Structure formats: structure tokens, C-alpha cells
Amino acid sequence: MDLGISGRRAAVAAASKGLGYAAAAALAAAGAQVAVCSRNRAEIEAAAASLGPNAVPIVADVGTTDGASGFVADARTQLGGIDILVANAGGPPPGDFAAIEGTDAYARAFELNALSTIAMCQATVPQMQEQRWGRVVAITSIAVRQPIASLILSNTARAGLTGFLKTLAREVARDGVTVNSLQPGLHATERITSLYGDVTALGAAVPAGRIGDAAGFGAFVAFLCSESANYVTGTAIPVDGGADGGLQ
């Protein structure tokens, strides 16, 4: 399927591995030029090399607002502009209400999983509005719909980001810019392995009977960036094999 984004310029944050890498791979396969980042130079250079000649590696920590803005600035310089932003970042440490004392940890989580994406949007969306075409896809978590036990920091920060993205989508829709978020459930990534260990057994609790495939998730990201998805905006879509039990 031709997604109509060949030659488009995409900045994909936190893309040396996991769902970020899968999104970058799907966009590159669709013909987009891709700038990818990670804090680790060796890892992001290896990832870019595997993505092909249209991928540019950038060393940046998008867990901070300064790092997120810096990534966008470097990506714009390398690509000549940005048409597509895939906002992504790692998750904060696990913990429940009783374990998290004070508010410092919440502030750090909010910068990691909300303010960093807001900073990237501030650095990219105005240009998208000017050119009358743009795509923003944020990778959040199914925890926005159904909070995950012992991940209170992630639950809180990503829910706040979802409110921002919905508001932004409504404000820029007339400018040809779409803004959506994807809420992954359990996918076979390094983070899920670090949290849960052996992930094979986790699939039994998912209605689909298995955990998700990162490549399939990446393909969904690419679709939301396509010309065919130009009328899809303001959505927060679960990609979880049916795990979320809510009606909405």
C-alpha cells in the first residue's frame, strides 16, 4: 500500500529500539526520510544504519524539554524541515502511591512523558501549519485508559499529555495538521521485558491470546502519518489486543 509519504521528513524520538524503532522502520519503508535519536551514540548509529540510507542518527535525551527541543532543531537541520513528528520517550520508574514520597518524582515523570512531547510539538507544529501539512503521532500507554498498578508516575503524566494532544488537535485541524496518540498495551520490547521478565506468559491474559508485535505497531504509526489518514485527528487509539475493558 502506498502511504503517500515518500520523501516526507520524519523526526522519530527515542528510536534506537522498541516501538520508536519500529515506527521509524515503517516510515523509512514507506519512503520517508527519518531522523532518529537516542542518548546512546553507538545504539542510535547502529539503528540508523539498519534503517537504511534515508535515516539520520542524532544523539539527544528527549526526556528533558531542552533535549527534546534540541532533537527537533537538529532533525530540522539534517532533513531541511519536519513534516512528521513521532513523539516518544522511555517510561519513569515503577512505584505506587505509598512508595513515591513528595512531588519531585512526579515532576520528573511529567517532564519525561508530557513536557518533552509538548516541547517537540512547539518546535514542529507551527512550521507544519505554515506548510498546511503535518502529522503528529505520540506514543503513550494503555494506562491512560486503565491505570496500571505500580506505574502511578506513568499513569499520571501520560494522562496529562493526552489532554494536551486532544486540545492541540482541535486547534490545528484546519491547517492540515493531524494530531493523534497511540496507546500500546503489551508489546515485545526491551522495556516490557525489564518490567515483567518472561513475556510469553503475559499473552494468556490478553484477549488476542498474545502480546503485540512491535513491527505491527510501527505500521499503524505509519498509517496515521499517511495521506489516507488525513481525516483522522484528535484520537487516542488503544493498540492492546483487546486488553482494555472499557466501552470508550
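The values are calculated or read from the model by the stated rules, or taken from the named source; none is laboratory data. It should be emphasised that the depicted structure is a prediction, and the values quoted were computed from it without experimental measurement. All Cβ positions, even for glycine, are placed from backbone atoms using ideal geometry, and neighbour counts span all protein chains on display.
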Can you find even one residue in the stretch 91-110 that is surrounded by 22 or more Cβ atoms within 10 Å (Cβ to Cβ), touching a residue at least 40 places away in the same chain (Cβ under 8 Å), touching a strand residue (DSSP E or B) at 6+ places or on another chain (Cβ under 6 Å) and in a helix (DSSP H, G or I)? no
Among the residues of the stretch 194-230, which ones are closer than 28 Å to ILE118 by Cα and of a type in the set (S, T, N, Q)? SER194, SER226, SER228, ASN230
Within the stretch 173-214, track down each residue that is at pLDDT below 95 and small (Gly, Ala, Ser). GLY185, ALA188, SER194, GLY197, ALA201, GLY203, ALA204, ALA205, ALA208, GLY209, GLY212, ALA214
Evaluate the following for ARG170: is it surrounded by fewer than 14 Cβ atoms within 10 Å (Cβ to Cβ) and within 20 Å of LEU85 (Cα to Cα)? yes
Would you be able to say whether some residue in the stretch 147-170 is polar (S, T, N, Q) and in a loop (DSSP other than H, G, I, E, B)? yes
Any residue that is over 17 Å from ALA143 (Cα atoms), free of Cβ contacts under 8 Å to residues at least 24 places away in the same chain, over 14 Å from the mean Cα position of the chain (by Cα) and in a loop (DSSP other than H, G, I, E, B) - is there at least one of those in the stretch 178-198? yes
Taking the stretch 130-151 as the search range and keeping residues that are under 14 Å from ARG174 (Cα atoms) and touching a Lys or Arg at 6+ places or on another chain (Cβ under 9 Å), which one is surrounded by the fewest Cβ atoms within 10 Å (Cβ to Cβ)? TRP133
Could you identify the single residue in ASP244, ASP240, ASP198, ASP213 that is in contact with a Pro (Cβ under 6 Å, 6 or more places away or on another chain) and acidic (Asp, Glu)? ASP244
With the requirement that a residue be surrounded by 15 or more Cβ atoms within 10 Å (Cβ to Cβ) and not hydrophobic (A, V, I, L, M, F, W, C), what does the stretch 177-209 give you? THR178, ASN180, SER181, GLN183, PRO184, GLY185, HIS187, THR189, GLY203
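Which one is surrounded by the most Cβ atoms within 10 Å (Cβ to Cβ), of the residues in the stretch 236-247 that are in a loop (DSSP other than H, G, I, E, B) and in contact (Cβ under 8 Å) with a residue 60 or more places away in the chain?
The first filter runs over the stretch 236-247 and keeps only residues in a loop (DSSP other than H, G, I, E, B), leaving 240-247.
Filter again for in contact (Cβ under 8 Å) with a residue 60 or more places away in the chain, leaving 240, 243-246.
Numbers: ASP240: 22, ALA243: 19, ASP244: 17, GLY245: 8, GLY246: 7.
Applying the filter and picking the extreme gives ASP240.
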The residue from VAL56, VAL12 that alone is closer than 17 Å to VAL125 by Cβ and touching a helix residue (DSSP H, G or I) at 6+ places or on another chain (Cβ under 6 Å) is VAL12
Name the residues in the stretch 46-80 that are under 15 Å from TYR21 (Cα atoms), in contact with a Ser or Thr (Cβ under 9 Å, 6 or more places away or on another chain) and not aliphatic (A, V, I, L, M), would you? PRO57
Tell me, which residue of the stretch 61-90 that is without any contact (Cβ under 8 Å) to a residue 24 or more places away in the chain and of a type outside the set (D, E, K, R) is nearest to LEU165 (Cα to Cα)? GLY70
